[in-house]
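The values are calculated or read from the model by the stated rules, or taken from the named source; none is laboratory data. This one's a predicted model, so the numbers in the text were calculated from it and none came from an experiment. Positions of Cβ are backbone-derived with ideal geometry, glycine not excepted, and every protein chain shown enters the neighbour counts. Only protein heavy atoms, including side chains, enter the accessible area calculation; ligands, DNA and RNA are left aside. Shrake-Rupley method; radii C 1.70, N 1.55, O 1.52, S 1.80 Å.
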Amino acid sequence: MNNLKGIYALWYREFKVFIREKSRLGFSVINPLVWLLVVGGGLGSVVSFDGVNYRTFIYPGILIQSVIFSSIFFGVYIVLDKKIDFMKEVLVAPISRTAMFVGKVVGGSTDALIEIVTLLVIGFILESTGILTGVSINFVSGIVSLGFLLSTTVAMVSLGLIIGSQMESTEGFQLVASFLLFPLFFLSGALFPITNLPSWLSPVVFCNPITYSVDGLRGILIGISKFNIGLDFAVIGTFALITILIGTFAFKSMEV
Amino acid sequence: MNVIDTRNLTKKYKEVTAVDDLTLQIKEGEIFGLLGPNGAGKTTTLLMLTTLRKPTSGTATINNFDIVRQPDKVRKSIGIVFQDPSSDEVLTGYENLKLHRWLYGMPGDLAERRIKEVLELVDLTKRKNDLVKKYSGGMRRRLEIARGLMHHPKVLFLDEPTLGLDPQARGHIWGYIKKLAQEEKITIVITTHYMDEADNLCGRLAIIDEGKIIVSGSPGELKKKFGGDIVRLKAKNLNIGALKKLNYVNKVEKRDDEVSLTVKDTNEHLQEILMLAGKVESVEVHSPTLDDVFIHYTGRTIREGAPEGGWAQKAMAFKTKR
C-alpha cells in the first residue's frame, strides 16, 4: 500500500514537471517532424520501398526513433537528482527500491505516451491531408501501435534509468546513452528495409530488439513487415521485462 | 531514555576509515551537535544512522530499531534535512510536501492538517503555492525542515543546516530550530562545522575528528574543561620565561611577538601578568569559545578545509539544469 503511494508520488512529480516544461514536449515533437518532412521528403522524391513512398516507409521508424531517444534520455534526471540531494530524500523514504524504480518508469513512460499520442495524431492529420499516403491510422491500429510503442518506451526508459543509476555525471550519461542509441536506431531498419541486407549486416540487425519494434509497427501502420507481429511483440515484450529486472537490481545496488 | 544508541559504529572506505568505532548515546528531547571539520566523518555517521549507507562493522539503534536489521522502521522514525537542496524546484512548496506525504504513506486528512501546521511553523504558508525556484536559499531550507517534520519523526537530523546562508538567514533558521524543539518535542541531531551554531543551539555536543569522538559534553562543560580565560598579549621584549612560571597560567603559546595564555581567575591575576610580560602594546581577554576548545583538542582550527561551495551556491548552480 505504502509502495503504491510511493509510486504515485514519483509519477506525480514527473508528470507535473513535464507539463510545466512545455518546451520538452515541443522539441520532442518538432524533431521527428523534421526527420519525416526533410529526410523523408528529400529522399522520398527518388526512393520508394515495397511500393510505398519513402516518407510513408519511415513514418513508423521515426515514431520509434522519437520514443527511444526521449525515453533513454529520461534517465538523465536520475543523475540530476543525485547531484542535489533529492535522490536521498526518496531513498530514505520507507518505500522499496522496486517501487522507486517502477515509479520512475511509469513517470518517464507517461511523458513518452503524451509524445506518442501527439505524433500519432499528427500522423493522422498528415494522412488525411494527403501529405502522408498509405498510412492507416484508425482506432484499432492506433491502440495496437500504442501497445508496441509503450513496450518499447518501458524498455528504453528502464535502460536509461539503469545507465543513470550507475553514472555520476550528466556528461558521462550522455556519452553512454548516445553510444547505445545510435546503433539501436540505425541498425533497426527504421530507415531501410531489412529484407535484403548484406550478409554481414543482417545478424547485427536481427539481434537488435528495436528492429522488432519497427517491424511490428510498420506491419500495423503500413502493412509491410518481415516477421509475424506476434513474434515482434514477444521480442520487444521480453526485452522490456529483462530491462525492468536489471533496472530493479540496479536501483537496489545504488549507493549515495 | 536513549533515542539513539551507537555501538562501535565503523565505516571504512578502501583505505580511509571515515568513522572509527563510534559509541554515542543521545537522549530523547536533546538538541545534539556533531562538530568537526570537513571530512571528519559527520556526514558519513549521519548517512549510516539514516540507513543510506551500511556500516562496515558495529551498529546503532534509533527509537529502539536497529539501523542494519530494521531499516524500514528506522526510516519511519526519522526526518532528515540534507546538506544539499533536496526539494524539486519545478514544483511548488506545497507540492513538495504532498510528495513527501505519499512517500511516507500518510492518510489524506491527517496529512493536509499536518502540512498546514508545519508550513505555519516555518512561516511559509503565504508562499506555499510558489515554485521552489522562486524561493531564497533560506526559504528553501525552511521548507525542507518543514518536510522533515511532517511525518512526526522521533529524531530530526539536520546536516549543516545553515551552510552557505547569509548571517540573517542563519539567525532565522536557528530561531526555527529552537522553536520546533520546543513545540514538537523531538530529538534533533545537527552536524555543523560552525562553532557558534553549536554553541547557540546544542544542549550537548561531540567534537569528532578523523572519525573519532575527541570530547563530548555541554558547551559550558567543554569551555570549563578548557581551564580558564584566554589572554592575548602583544609586547616588546616579551618575558615568556616569567609567565610560564606562574602557577595560574595553564598554557603558553607564542606566535611572533604575540603570546596567548590560558589563565585561571583572570580578574585577580591580570595586573601581575601585565607587569611581568614586558612592554605591553596590546592586551585582549576573552572567555573561551568552542573554537578555542576545538583548537585545544585537535591542534588546528576548524576552518582549515571548510566544505567546498555552499548549499545556496549549489542550489543556484542547479537552478538552470532541469
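Of everything in region B:122-137, what is farther than 10 Å from B:G93 by Cα and open to solvent by less than 10 Å² (accessible area, probe 1.4 Å)? Give them in sequence order.
Result: B:V122, single match.
Six or more apart or on different chains, Cβ under 7 Å: which pairs go from a residue in region A:87-103 that's without any contact (Cβ under 8 Å) to a residue 40 or more places away in the chain and more than 7 Å from chain B (Cβ to nearest Cβ) to one that's buried (at least 24 other Cβ atoms within 10 Å of the Cβ) and not polar (S, T, N, Q)? Could you list them?
none
Just name the residue that is farthest from the other protein chains (Cβ to nearest Cβ) out of those in region B:64-81 that are basic (K, R) and touching a Phe, Trp or Tyr at 6+ places or on another chain (Cβ under 8 Å).
B:K73
Among the residues of region B:255-264 satisfying the criterion of being touching a Leu at 6+ places or on another chain (Cβ under 8 Å) and open to solvent by 40 Å² or more (accessible area, probe 1.4 Å), which is modelled with the highest pLDDT?
Looking at the filtered set, the residue picked out is B:E258.
So, A:I220, is that one open to solvent by 40 Å² or more (accessible area, probe 1.4 Å), farther than 20 Å from A:G44 by Cα and under 19 Å from the mean Cα position of the chain (by Cα) or not?
Numbers: open to solvent by 40 Å² or more (accessible area, probe 1.4 Å): no; farther than 20 Å from A:G44 by Cα: yes; under 19 Å from the mean Cα position of the chain (by Cα): yes.
Against the criterion (open to solvent by 40 Å² or more (accessible area, probe 1.4 Å), farther than 20 Å from A:G44 by Cα and under 19 Å from the mean Cα position of the chain (by Cα)), A:I220 does not qualify.
Identify all residues within region B:177-188 that are in contact with a helix residue (DSSP H, G or I) (Cβ under 8 Å, 6 or more places away or on another chain) and in a strand (DSSP E or B); write none if there are none.
B:I188
Identify all residues within region B:69-104 that are touching a Pro at 6+ places or on another chain (Cβ under 7 Å) and not polar (S, T, N, Q); write none if there are none.
If the condition is that a residue be touching a Pro at 6+ places or on another chain (Cβ under 7 Å) and not polar (S, T, N, Q), then B:D72, B:R75, B:K76, B:I78, B:G79, B:V81, B:Y104 are the ones that fit.
Take the residues in region B:265-322 that are modelled with pLDDT of 65 or more and of a type in the set (G, A, S); name whichever of them is farthest from the chain's Cα centre (by Cα).
It comes out as B:G278.
Results for (1) facing chain A (nearest Cβ under 8 Å); (2) at pLDDT below 95, shown as yes or no for each residue.
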position	(1), (2)
B:Q83	yes, yes
B:V90	yes, yes
B:E95	yes, no
B:G105	yes, yes
B:L110	no, yes
B:R113	no, yes
B:E117	no, yes
B:V122	no, yes
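Looking at region A:106-118, which of its residues are in contact with a Phe, Trp or Tyr (Cβ under 9 Å, 6 or more places away or on another chain) and farther than 12 Å from A:F18 by Cα?
Answer for region A:106-118, where residues must be in contact with a Phe, Trp or Tyr (Cβ under 9 Å, 6 or more places away or on another chain) and farther than 12 Å from A:F18 by Cα: just A:V106.
Have a look at B:V249, B:V215 and point out the one that is modelled with pLDDT under 85 and on the phi < 0 side of the Ramachandran plot.
Being modelled with pLDDT under 85 and on the phi < 0 side of the Ramachandran plot holds for just one of B:V249, B:V215, which is B:V249.
Could you go through region B:179-195 and let me know if any residue there is more than 14 Å from the chain's Cα centre (by Cα), closer than 27 Å to B:V118 by Cβ, among the small types (G, A, S) and open to solvent by 20 Å² or more (accessible area, probe 1.4 Å).
Yes, region B:179-195 has at least one match.
Which condition number in (1) surrounded by 19 or more Cβ atoms within 10 Å (Cβ to Cβ); (2) of a type in the set (V, I, T); (3) away from every other protein chain (no Cβ under 12 Å) is the one that A:I7 fails?
For A:I7, the failing item is (3).
Can you confirm whether region B:129-141 contains a residue that is assigned to a helix (DSSP H, G or I), among the β-branched types (V, I, T), touching a Lys or Arg at 6+ places or on another chain (Cβ under 9 Å) and under 16 Å from B:D88 (Cβ atoms)?
yes
Of (1) modelled with pLDDT under 95; (2) under 17 Å from A:V67 (Cα atoms); (3) open to solvent by 30 Å² or more (accessible area, probe 1.4 Å), A:V154 satisfies all except one. Which?
Of everything listed in (1) modelled with pLDDT under 95; (2) under 17 Å from A:V67 (Cα atoms); (3) open to solvent by 30 Å² or more (accessible area, probe 1.4 Å), A:V154 misses just condition (1).
Can you tell me which of (1) closer than 13 Å to A:I116 by Cα; (2) surrounded by 19 or more Cβ atoms within 10 Å (Cβ to Cβ) is the one A:I30 doesn't meet?
The number of the failed condition is (2).
Hey, among A:V176, A:V214, A:V204, which residue is farther than 20 Å from A:V67 by Cα and in a helix (DSSP H, G or I)?
The match here is A:V204.
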